[in-house]
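A.B. asks: The following block contains the structure, expressed as structure tokens.
The values are calculated or read from the model by the stated rules, or taken from the named source; none is laboratory data. Being a predicted model, the structure only gives us computed values, none of them experimental. Quick reminder, even Gly has a Cβ in these numbers, built from the backbone with ideal geometry, and neighbours come from all protein chains shown. Just the protein is used for accessible areas: all its heavy atoms, side chains included, with ligands, DNA and RNA removed. Shrake-Rupley method; radii C 1.70, N 1.55, O 1.52, S 1.80 Å.
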Amino acid sequence: MDGMNHSTVSEFVFLGLANSWEIQPLLFVFSFLFYLAGMMGNLVIVFTVTLDAHLHSPMYFFLANLSVIDMSFCSIIAPKMICDIFKKHKAISFCGCITQIFFSHAVGGAEMVLLISMAFDRYVAICKPLHYLSIMSPRKCLYFLVTSWTVGFIHSLVQLVFVVDLPFCGPNVLDSFYCDLPRLLRLACTDTQELEFMVTVNSGLISVGSFVLLVISYIFILFTVWKHSSLGSFKALSTLSAHITVVVLFFGPLMFFYTWPSPTSHLDKYLAVFDAFITPFLNPVIYTFRNKEMKVAMKRLCSHLGHYRKIS
Ligand SMILES: *[C@@H]1O[C@H](CO)[C@@H](O)[C@H](O)[C@H]1NC(C)=O
């Protein structure tokens, strides 16, 4: 086999989310609406935080960055899936597939590290309020941001280096709606057990590790709030509960993919919908509808816009 171009597979075929034809219009409407709403909601957050000087604090910078990540994440998977829904032959090229895997893991990894940075930000704000501005300096925020993207890209690159060289000699059907790394490995015409183990360790470690770190930091924060309970801690608790909801929704499905022993179940395919469509949509809902400062800023922004329109 060596010496010749041993990949005879030039494209992969998705089976999609559901096979029955009647359900496709419903699937189309739901995924389209969720994608659109997620993009709009996150765009509103980015604009509000960027344009409103009252929101120029680390917490909101992180929030806006999380929105950017969410928009990128759902744009890697959702548009392709939505375009494919009514096609009988849902194909993706080899390069397209590798690109999808690369960016979904890179952006996903960046999101995990960013969520940890956000937890750290809350820890400093709640447990060391007097030193908040000196600890979370703009330089430190930027450092967190660069770290999260770097970790994401390295995590993704490390896995893909081994995948691009795998021989694919025939089987090319993926029972999924996106290029899913564990499923792709099982199509290769060689023993991929070690590689599968490496992916489980790499992706499993980064997701379970981040999750455990986040849970510990939230328990620590909650404990501190509980010990010095005062009026201000109610506000802290409501912000925290928003963070915890996002974390559980984001990590739950991921940890299931990479650590569940029987990968043949269909459940992971449906759980992937959470990370591809629902979490990116829920983040703005959870953060903006429950956050007073954000709502006030959005009203202010709207009235400014109305004002400009009257002038011009
Ligand atoms: C992301 O975070 C950095 C560093 O805090 C900040 O300068 C930047 O404006 C943020 N990005 C957005 C879109 O708000």
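A.B. asks: When a/c reaches 1.5 or more, the comparison of a/b and b/c decides; with that in mind, is segment 1-95 rounded, prolate or oblate per its Cα gyration tensor?
C.D. replies: Because a/c hits 1.5 or more and a/b fails to exceed b/c, segment 1-95 counts as oblate.
A.B. asks: When the chain is fully extended, how far beyond the present Cα-Cα distance does V215 get from F86, taking 0.36 nm per residue of separation?
C.D. replies: That pair, V215 and F86, stretches by 42.3 nm at full extension.
A.B. asks: Report the one residue of S207, L282, V49 whose Cα lies farthest in the direction of the positive end of the charge dipole of the chain (charges on C-beta: Lys and Arg +1, Asp and Glu -1; origin at the Cα centre).
C.D. replies: My answer, from the dipole projection, is V49.
A.B. asks: What distance in nm separates the two pseudo spin-label positions at L51 and T99, each 7 Å out from Cα along the beta-carbon direction?
C.D. replies: 3.2 nm
A.B. asks: State the percentage of accessible surface on segment 140-186 attributable to carbon and sulfur atoms; use a 1.4 Å probe and exclude ligands, DNA and RNA.
C.D. replies: On segment 140-186, the fraction of accessible area on carbon and sulfur atoms equals 77 percent.
A.B. asks: Using amide H atoms built in the peptide plane, which far-off residues or other-chain residues are under 5 Å from K90 H to H?
C.D. replies: Excluding prolines and chain starts, which carry no amide H, the hits are F14.
A.B. asks: Can you pull the semi-axes for the chain, root of five times each eigenvalue of the Cα gyration tensor, sorted largest first, whole Å?
C.D. replies: Each semi-axis is the square root of five times an eigenvalue, giving 38, 24, 17 Å.
A.B. asks: Is the shape of segment 153-226 rounded, prolate or oblate, going by the alpha carbon gyration tensor and its root eigenvalues a ≥ b ≥ c, with a/c under 1.5 for rounded and a/b larger than b/c for prolate?
C.D. replies: Judged from the Cα gyration tensor, segment 153-226 comes out prolate (a/c at least 1.5, a/b above b/c).
A.B. asks: Still on this structure: Using DSSP to call loops (not H, G, I, E or B), can you name the trypsin sites (Lys or Arg not before Pro) in segment 1-100 whose Cβ has at most 16 other Cβ atoms within 10 angstrom?
C.D. replies: K87, K88
A.B. asks: Would you compute, from DSSP H runs of 4+ residues alone, the mean residue ellipticity of the chain at 222 nm, taking -39500 (n - 2.57) per run and dividing by the full residue count, rounded to the nearest 500?
C.D. replies: It comes out at -25000 deg cm²/dmol, rounded to the nearest 500.
A.B. asks: Past 30 Å, Cα to Cα: identify those pairs from K269/K292; K140/K227; K140/K295; K128/K292, in the order given.
C.D. replies: K269/K292
A.B. asks: Please identify the DSSP H helices in the chain that span no less than 27 Å along the helix axis (Cα) and have a mean Kyte-Doolittle hydropathy of 1.6 or more.
C.D. replies: Span-like helices, by this rule, are 24-51.
A.B. asks: Which of the cysteines in the chain are isolated, no other cysteine C-beta under 4.7 Å?
C.D. replies: Lone cysteines by the Cβ rule: C74, C83, C95, C127, C141, C302.
A.B. asks: Send over a whole-number figure in Å² for the accessible area per residue of segment 43-193, probe 1.4 Å.
C.D. replies: 43 Å²
A.B. asks: With a 1.4 Å probe and all protein chains kept in place, how much accessible area does H89 have, in Å² rounded to the nearest 10?
C.D. replies: H89 has an accessible surface of roughly 100 Å² with all protein chains in place.
A.B. asks: Here's a follow-up. Only Lys, Arg, Asp and Glu count, each charged at its Cβ (+1, +1, -1, -1), so figure out the dipole size of segment 11-311 about its Cα centre, rounded to 20 debye.
C.D. replies: Its charge dipole is roughly 1420 debye.
A.B. asks: Still on this structure: From Cα pairs below 8 angstrom and at least 6 apart in sequence, can you work out the relative contact order of the chain, rounded to a whole percent?
C.D. replies: Relative contact order, the chain: 28 percent.
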